[in-house]
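Since the structure comes first, as structure tokens, the remarks are kept for the end.
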Amino acid sequence: MMKYEILLFDADGTLLDFDAGEAVALKDTFAKFNLPYADRTLAVYRANNHKQWLLFEQGKKDKQQVLFDRFTDTFVELSINADVDTVAHYFQKQLGLQCQLYEDTVEVLDYFKGKVDMYLVSNGVLATQQSRMSKSGLDKYFTASFISEYIGYAKPSKQYFDYCFDHIANFERSKTLIIGDSLSADIKGGIDNGIDTCWVNRHGQCSGEIHPTYEIASLKELYKIVENTSE
């Protein structure tokens, strides 16, 4: 008997090695438009990207603004003169081609397939996530995918989770676990909406004032959590 029968998996930073894919896509994009790419370029972009997605999670910006403004801010900081709209659109397409997985992703999903119901819960761009799930072969593991752009609400909002819960057969909060790397979206969303949470913390970060039910450094640690067994 499994302790949890419904697993809600975040995509980027949880199943997909988003950092690796993002780095490749950004470098390819800068090369495409002959833009200067220096040692600090990726770090500057990531800082601005993170800032913009936090505003999205807080409901202060829509997704299209985020995809545009992260490049606007980056180009200002790096003193780059380029057509932001063209660069942003090309980058998004390149990102959709990236499907680098963590080394334990397939093993863990294979293990749970047929034992529990698994769903994808993502704030990512719809077309990008669909492309990456299909290209990586991960789509076959999920009963359904809940992408914020399609739903119209994003994690951690109550409306997003209400939609997910309403579209899961035989849903029970006590039997549901959300697994994700984002404290502000996945873990806070799970806590606020009454389900247990598992924070994927591969880099030993501090959780601050947000307290997940579980914390893991590897997806393989889910075995004992979901099955409620000790090592």
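The values are calculated or read from the model by the stated rules, or taken from the named source; none is laboratory data. The structure presented is a predicted model; accordingly, all values stated were derived computationally and were not measured. Methodologically, a virtual Cβ is constructed for each residue, glycine included, from the backbone with ideal geometry; neighbour enumeration extends over all protein chains shown. When the accessible area is computed, the model is the full protein with side chains, heavy atoms only, and any ligands, DNA or RNA have been set aside. Shrake-Rupley method; radii C 1.70, N 1.55, O 1.52, S 1.80 Å.
Observations on the model:
- Å² of accessible area per residue within the chain, as computed with a 1.4 Å probe and no ligands counted: 48
- Partners of K3 within straight-line reach, counting lysines whose Cα lies under 19 Å from its Cα and excluding those fewer than 8 residues away in the same chain: K113, K115, K175, K220, K224.
- Charged-residue dipole, Cβ positions (Lys, Arg, Asp, Glu), the range 1-149 about Cα centre, Debye nearest 20: 180
- Prolate is the label for the range 1-145. Its Cα gyration tensor axes, ordered a ≥ b ≥ c, give a/c of at least 1.5 and a/b above b/c.
- Gyration tensor verdict on the range 119-231 (Cα atoms; rounded if a/c is under 1.5, prolate if a/b is larger than b/c, oblate otherwise): rounded
- Overall form of the range 105-185 per C-alpha gyration tensor (a/c, 1.5; a/b vs b/c): oblate
- Note on K32: aspartates and glutamates with a C-alpha under 16 Å away, same-chain residues under 8 apart excluded, are E22, D83, D85.
- Within the listed set N193, N49, N81, the residue fluctuating most in the Gaussian network model of the chain (springs between alpha-carbon atoms under 10 angstrom) is N81.
- Fluctuation leader among G137, G124, G96 - the chain, Gaussian network, Cα springs under 10 angstrom: G137
- Relative contact order %, the range 116-231, counting alpha carbon pairs below 8 Å whose residues are six or more apart: 17
- Solvent-accessible area of the chain (1.4 angstrom probe, protein heavy atoms only): carbon and sulfur portion equals 49 percent.
- Summed residue charge, Cβ within 12 Å of I168's Cβ, Lys/Arg positive, Asp/Glu negative: -3
- Dipole axis of the chain (+1 Lys, Arg; -1 Asp, Glu on Cβ), positive-most option in A169, G208, Q52: Q52
- Neighbourhood charge, 11 Å Cβ-Cβ cut-off, centred on I216 and excluding it, Lys, Arg +1 and Asp, Glu -1: -1
- Candidates C99, C198, C206: whichever shows maximal mean-square fluctuation once the chain is modelled as a Gaussian network with Cα springs under 10 Å: C206
- The Cβ shell under 11 Å around K115 holds other residues with a net charge of -3, Lys and Arg each +1, Asp and Glu each -1.
- The range 87-161-the range 1-68 distance, computed between alpha-carbon centres (Å): 13
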